[in-house]
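Scroll down for the structure; my scribbles are underneath it.
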Amino acid sequence: MEPTTIYTPGKTLNEFIAQYGDDPRYELADGELIDMEPTGPHETVSGKLTVGIGIAIVQAKYPWFMPPTCLIQPFAEIATARRPDIIVLDETVLANEPLLQRQPVVTLGRSIKLVVEVVSSNWENDYARKVEEYALLGIPEYWIVDYRGLGGIAFIGKPKQPTFTVCQLAGDEYRQRQYRLGEPISSGLLPNLQLRLDDVLPL
């Protein structure tokens, strides 16, 4: 998505959820409203990824699903609510979520199997801050889908090119592996996944 910060200092998480909880256009970072400004190509990539992940989940017969609108509250004391492009939840443990019966918000890392961010112009968050937040929550896998090769050289190398990064949790940090065009993507979470970066690019 193409994020734009709308400065609303001090917006609380409850205020954000009440106004924007079911609106996929917005997330909250440190009390500031972020307009995600989704584009057509971005939504194309997200949609194709959703299909691929869904097929792998069904084939494996896992009790997982992908809600259309869902927020992650990574830290109770900070007014931040992340809205990944794709989130995979484990239905068997959702009864333990303190907010989910009333609000589309998950707070426990064990409820989440996978998060996916499709990289936009604000790539720094996807490659840096969200890597830390999702690892601290204990989310087993995090995919960074940089279909335009926007990320910094420190993250995707040189020359910059479309890159699919799979982050797998090892202890309290992610171990990262990168895939380029034409390479089959390997997921410890979904061993039967049949996906390449080429499969999700816009036509």
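The values are calculated or read from the model by the stated rules, or taken from the named source; none is laboratory data. Bear in mind the structure is a predicted one, so any value in this text is a computation, not a measurement. Cβ: placed from backbone, ideal geometry, glycine included. Neighbour counts: every protein chain shown.
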Subset of segment 37-51 (residues that are of a type in the set (Gly, Ala, Ser) and either surrounded by 19 or more Cβ atoms within 10 Å (Cβ to Cβ) or at pLDDT below 95 (or both)):
Gly40, Ser46
Every residue in segment 139-172 that is within 24 Å of Thr107 (Cα to Cα), exposed (fewer than 15 other Cβ atoms within 10 Å of the Cβ) and not aliphatic (A, V, I, L, M), please.
Gly171, Asp172
Of the residues Ile87, Ile34, Ile55, Ile72, which single one is surrounded by 14 or more Cβ atoms within 10 Å (Cβ to Cβ), more than 14 Å from the chain's Cα centre (by Cα) and within 23 Å of Thr107 (Cβ to Cβ)?
Ile34
Every listed condition ((1) crowded, with 19+ Cβ neighbours inside 10 Å; (2) farther than 28 Å from Val93 by Cβ) holds for Ala128 save (1)
Within segment 118-131, track down each residue that is touching a Pro at 6+ places or on another chain (Cβ under 9 Å) and under 19 Å from Phe75 (Cα atoms).
Asn125, Lys130
Residue set Glu2, Glu27, Glu15, Glu32; condition in contact with a Ser or Thr (Cβ under 6 Å, 6 or more places away or on another chain) and either among the hydroxyl-bearing types (Ser, Thr, Tyr) or at pLDDT 85 or above (or both); output residue Glu32
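Which one of Arg180, Arg175 is over 22 Å from Trp64 (Cα atoms), surrounded by 13 or more Cβ atoms within 10 Å (Cβ to Cβ), among the charged types (D, E, K, R) and in contact with a strand residue (DSSP E or B) (Cβ under 9 Å, 6 or more places away or on another chain)?
Numbers: Arg175 fails: surrounded by 13 or more Cβ atoms within 10 Å (Cβ to Cβ).
Just one listed residue meets the conditions, Arg180.
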Cross-chain or 6+ apart pairs with Cβ under 7 Å, segment 48-66 first and of a type in the set (S, T, N, Q), then buried (at least 17 other Cβ atoms within 10 Å of the Cβ) and assigned to a strand (DSSP E or B):
Thr50/Ile86
List pairs: first residue in segment 69-81 and under 12 Å from Tyr134 (Cβ atoms), second residue of a type in the set (Lys, Arg) anywhere in the structure, Cβ distance under 8 angstrom, at least six positions apart or on different chains.
Ile72/Arg82; Ile72/Arg83; Pro74/Arg82
Which residue pairs have Cβ atoms closer than 9 Å, lie 6 or more positions apart in sequence or on different chains, and pair a first residue in segment 191-203 that is within 13 Å of Arg180 (Cβ to Cβ) with a second residue that is in a loop (DSSP other than H, G, I, E, B) and among the aromatic types (Phe, Trp, Tyr)?
Leu197/Tyr147; Leu201/Tyr147
May I ask you to verify whether Ile153 is of a type in the set (A, V, I, L, M, F, W, C) and more than 17 Å from the chain's Cα centre (by Cα)?
yes
